[in-house]
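Step one of this worksheet: look at the structure below.
The values are calculated or read from the model by the stated rules, or taken from the named source; none is laboratory data. Owing to the predicted nature of the structure, the values given are computational and were not obtained by experimental measurement. All Cβ positions, even for glycine, are placed from backbone atoms using ideal geometry, and neighbour counts span all protein chains on display. Note: accessible area is taken over every heavy atom of the protein model, side chains too, but ligands, DNA and RNA are not part of it. Shrake-Rupley method; radii C 1.70, N 1.55, O 1.52, S 1.80 Å.
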Amino acid sequence: MNLRESWLLFALGSAFFAALTALFGKMGVAGINSNLATFIRTIVILLVTAGILSLRNEWARPTGLPVSSWVFLVLSGIATGLSWLCYYRALQLGPISKVAPIDKLSVAIAIVLGIVLLGEQLSWPLAIGGGLIVTGAIIIAVF
């Protein structure tokens, strides 16, 4: 397995940075408007991504992208923005130890959407793992 190209390495990185996002976000929204906090975070993300594109010399004109890619990327951006707005407000109102696990219900929802809308195959490990995520989120939220 080539670590530089491994989806698993990037997925673990995503989980690690998502945990830091929750921690720093909880600390950052204390005493300020959660929508303003989301806006500031978005600007930082734009700057970091632009820096990475520049360092890797990956800038390109997006004019050759198919219309369907534009539509789905715009929809993804809208969904991301709404998710972040909800997430930061939840962090402002609730404990990180409950908000972050509930947010991870997105994993189980993504599994269902992948099966229903993309035709991905349901397997026993996928069903059990998704069920455990839902069960864990419910236990954390209720108790």
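Before moving on, here are some points about what is shown:
- Of the solvent-accessible surface of the stretch 57-139, computed with a 1.4 Å probe and all protein chains present, 75% belongs to carbon and sulfur.
- 3J(HN,Hα) along the stretch 61-68: 6, x, 5, x, 6, x, 4, 4 Hz, from the Karplus curve 6.51 cos²θ - 1.76 cosθ + 1.60 with θ = phi - 60°, whole Hz, x for Gly and Pro.
- Global form of the stretch 71-143, assessed from the alpha-carbon gyration tensor, a/c cut-off 1.5: oblate
- Within the chain, all pairs of alpha-carbon atoms sorted by distance into 10 Å bins from zero give the percentages 9, 28, 37, 22, 3, 0.
- Across the chain, C-alpha contacts under 8 Å between residues 6 or more apart give a mean separation that, scaled by the residue count, equals a relative contact order of 28 percent.
- Remark: C-alpha extents of the stretch 1-67 on the principal axes read 42, 34, 26 Å, sorted largest to smallest.
- Each label was represented as a point 7 Å from its Cα along the Cα-to-Cβ direction; for Ala50 and Met27 these points are 2.6 nm apart.
- Accessible area per residue for the chain is 75 Å², calculated with a 1.4 Å probe on protein heavy atoms, without ligands, DNA or RNA.
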